[in-house]
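Note sheet for the following structure.
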Amino acid sequence: MVINAPSLANIPLTEFTVQLEELYEGGVRFFHVDLMDGHYVPNLCLPMNCVKDLKAKYPDCTVEVHLMVDNPSFYIPKMKEQGADYVSFHCDSTSFVRRTLFEISEAGMKAGIVLNPSQSVDVIRPYAQYLDYIVFMSVEPGFAGQKFLEGSMERLRDLALLRRELGLNFQIIVDGGVHYGIIEECVKNGADALVTNVYTIFNQPEGITAACRRFTETMKNVVCEI
Ligand code: DX5
Ligand code: ZN
């Protein structure tokens with residue numbers, strides 16, 4: 001069953017605790033947390049210490065941190081301190097991808113890299129064996145609420161085929177513009193988790209909890225076909 005991984009960047013700050021409860025009630029146990037530094041991407045987002053707060057309130061939930069920062073190494077001890085479970089960084093944000101992956105793994109967290117829409121999926125070949133997961137961007141990083149980019153489905157399929165070719169089992173998390181028109185196809189093409197958003201679970205007429213249940217119901221029998 002594909003993981004419902006809501007992007008918390010989609011919650012208005014004034015609604016934060018209320019909407020977290022609604023997500024939890026709807027069965028969410030995996031949070032996607034976007035951290036930005038205003039350099040790697042021209043935006044700021046959630047504060048680092050929200051990771052600690054999330055783990056304190058929801059110890060049974062996985063907190064997956066998507067770093068959109070220059071010098072990701074700098075943030076790894078901080079993420080460990082905060083209690084993050086998964087940490088990913090953009091593979092073009094450092095010259096030392098393998099070292100950075102090892103730093104994350106050695107700190108006891110799941111290590112991932114993020115692939116931008118303009119990067120070939122082949123860039124992962126030299127370090128694919130060291131990855132626990134990949135955040136596959138289907139929008140340019142930096143802002144919530146963008147549209148799923150044309151060509152993303154084909155790239156996702158290429159990534160899943162590469163995973164199969166290499167005999168690996170890293171997870172694939174699809175991030176950006178995920179909507180009902182494509183969610184089933186994403187899973188058939190290799191997605192293990194979908195970053196959910198205003199098109200799927202937030203801003204839905206039935207409310208967040210019911211929208212999460214609808215998502216689970218829709219996806220319960222959809223499996224990878226690669
Ligand atoms: C974009 C972020 C995404 C984003 C996803 O930089 O990485 O996680 O918040 O939300 P949507 O799908 O609304 O763009
Ligand atoms: Zn993200």
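So what's the gap between the Cα centers of the stretch 184-226 and the stretch 110-172, to the nearest angstrom?
Cα centroid to Cα centroid, the span is 19 Å.
To check you understand DSSP bridge types, tell me what percent of the beta bridges within the chain (both residues inside) are antiparallel, rounded to 5.
Antiparallel bridges: around 5 percent, rounded to the nearest 5.
What ³J(HN,Hα) values, in whole Hz, does the Karplus curve 6.51 cos²θ - 1.76 cosθ + 1.60 give for the stretch 132-142 when θ = phi - 60°, with x put for Gly and Pro?
8, 6, 10, 8, 9, 7, 10, 9, 6, x, x
Using packing as a proxy for protection, rank 12-18, 64-70 so that the peptide with the highest average count of other Cβ atoms within 10 Å comes first.
64-70, 12-18
Which entries in the list LYS55/LYS188; LYS57/LYS78; LYS57/LYS110; LYS110/LYS147; LYS78/LYS110; LYS80/LYS147 go over 26 Å, if you measure between the two C-alpha atoms of each?
Cα-Cα > 26 Å for LYS55/LYS188; LYS110/LYS147; LYS80/LYS147; rest within.
Starting from the Cα-Cα distance between GLU15 and ALA210, subtract it from 0.36 nm times their residue separation and give me the gain in nm to one decimal.
68.5 nm
Could you order the peptides 163-171, 175-183 from most to least packed, using the average number of other C-beta atoms within 10 Å per residue?
Those peptides, ordered most packed to least, come out 175-183, 163-171.
Across the stretch 1-79, what fraction of all alpha-carbon pairs, as a whole percent, falls in each successive 10 Å bin from zero upward?
Percent of Cα pairs in each bin: 17, 52, 27, 4.
Taking the Cα atoms of the stretch 1-149, what is the range of coordinates along each of the three principal axes, in descending order and whole Å?
Between the extreme Cα coordinates on each principal axis of the stretch 1-149 lie 42, 34, 34 Å.
Readers should treat all values here as calculations from the given coordinates under stated rules, not as data from a laboratory. All values derive from a computational prediction rather than experimental measurement. Positions of Cβ are generated from backbone atoms using ideal geometry, with glycine treated the same way; all protein chains shown enter the neighbour counts.
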